[in-house]
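> Submitted below is the structure of interest, expressed as structure tokens.
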Amino acid sequence: MTTRDDGPPRVVIDTNLVLSALAFTQGSLVPLRQAWQAQRIRPLVSRATAAELVRVLAYPKFRLTAEEQQELLADYLPYCQTVRIPEPPPKTPACRDPFDVPFLQLALAGKARALVTGDRDLLSLARGFPCPILSASQLLDSLK
């Protein structure tokens with residue numbers, strides 16, 4: 001993945017990948033976290049995708065205190081660029097999961113170089129979507 005003159009490639013990373021990269025200090029997604037921290041990629045967020053991340057971090061199953069949630073957000077959000085989704089939002093393909101639509105809209109509105117996901121529903125849309133939809137490993141391979 002080559003970068004343009006205006007900085008690192010702009011990417012949309014779905015909530016599950018962000019959460020895994022933040023919460024697990026060892027594992028396959030550590031290089032994803034290192035990539036945004038080293039500014040080799042520029043994650044994009046919208047009001048809706050940031051709100052989903054905040055909401056998911058608060059799930060009881062993660063047993064994160066409010067302070068731990070804030071620390072994890074502080075390891076991600078400062079590296080992100082916020083994109084305002086226009087009204088009306090960009091037209092997206094039909095998607096089984098309505099929670100995926102904001103990520104598709106963000107990829108289009110933010111002119112993302114890629115939408116990075118492990119979500120099968122999103123990956124299934126890759127063929128007809130104007131922005132490449134990649135797995136985390138495909139993105140990381142492209143950065144090598």
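Here, each number is a calculation from the coordinates, and none is a lab measurement. Treat the numbers as computed from the prediction; the structure is a model and nothing was measured. Positions of Cβ are generated from backbone atoms using ideal geometry, with glycine treated the same way; all protein chains shown enter the neighbour counts.
> With labels modelled as points extended 7 Å from the Cα through the Cβ direction, what inter-label distance (nm, one decimal) is found for Leu64 paired with Thr25?
1.5 nm
> Given the Cα-Cα distance of Ser124 and Ala51 and 0.36 nm per residue of separation, how much length would full extension add, in nm?
Result for the pair: 23.8 nm of gain on full extension.
> Leu143 versus Arg40, label points 7 Å from Cα toward the beta carbon: distance in nm?
A separation of 0.5 nm, rounded to one decimal place.
> Further, regarding this structure: Starting from 0 in steps of 10 Å, tell me what percent of the Cα-Cα pairs of the stretch 10-143 lands in each bin.
12, 46, 34, 7, 0
> For Lys111, list the lysines whose Cα falls under 25 Å from its own Cα; do not include residues on the same chain fewer than 8 positions away.
Qualifying lysines at Cα under 25 Å: Lys91, Lys144.
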